[in-house]
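The structure appears below as structure tokens.
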Amino acid sequence: MNQKIDNEQKSDSWKTKTLAIGAVIGALVGVSAAYLLVQKAERENGQVNVPTGDGLKLGLTVLGFLRQVAQLGDGE
């Protein structure tokens, strides 16, 4: 019985670590992207201007990236 509880705790432990690392990486990438947008806006005209088409392209790129992450380890 104790071994089953230990296994469940280990299972939850790696899941928690994975989610925490993913959250930190996601936050860093998001802040970096925002910083780059602000820097570009300051160089150009002082406002962030992302056309709808560019936003859609970026969104589709992010979805493609998430699909690739979801498929990691498949086909080996």
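The values are calculated or read from the model by the stated rules, or taken from the named source; none is laboratory data. Here the structure is a predicted model, which is why all the values come from computation and not from measurement. Every residue, glycine as well, gets a Cβ built from its backbone with ideal geometry; the counts of neighbours run over all protein chains shown.
Can you find even one residue in segment 57-74 that is small (Gly, Ala, Ser), modelled with pLDDT under 90 and surrounded by 10 or more Cβ atoms within 10 Å (Cβ to Cβ)?
no
Does residue 27 qualify as being within 12 Å of the chain's Cα centre (by Cα), at pLDDT 90 or above and on the phi < 0 side of the Ramachandran plot?
yes
In segment 39-55, what residues are in a helix (DSSP H, G or I), of a type outside the set (D, E, K, R) and surrounded by fewer than 11 Cβ atoms within 10 Å (Cβ to Cβ)?
Within segment 39-55, 39, 52, 53, 55 meet the criteria.
Identify, please: which residue in segment 39-56 is at pLDDT 90 or above and within 21 Å of the chain's Cα centre (by Cα) and is, among those, farthest from residue 69 (Cα to Cα)?
Residue satisfying both the conditions and the ranking: 54.
Restricting attention to segment 34-76, report how many residues are acidic (Asp, Glu) and either within 21 Å of residue 18 (Cβ to Cβ) or touching a helix residue (DSSP H, G or I) at 6+ places or on another chain (Cβ under 8 Å) (or both).
2
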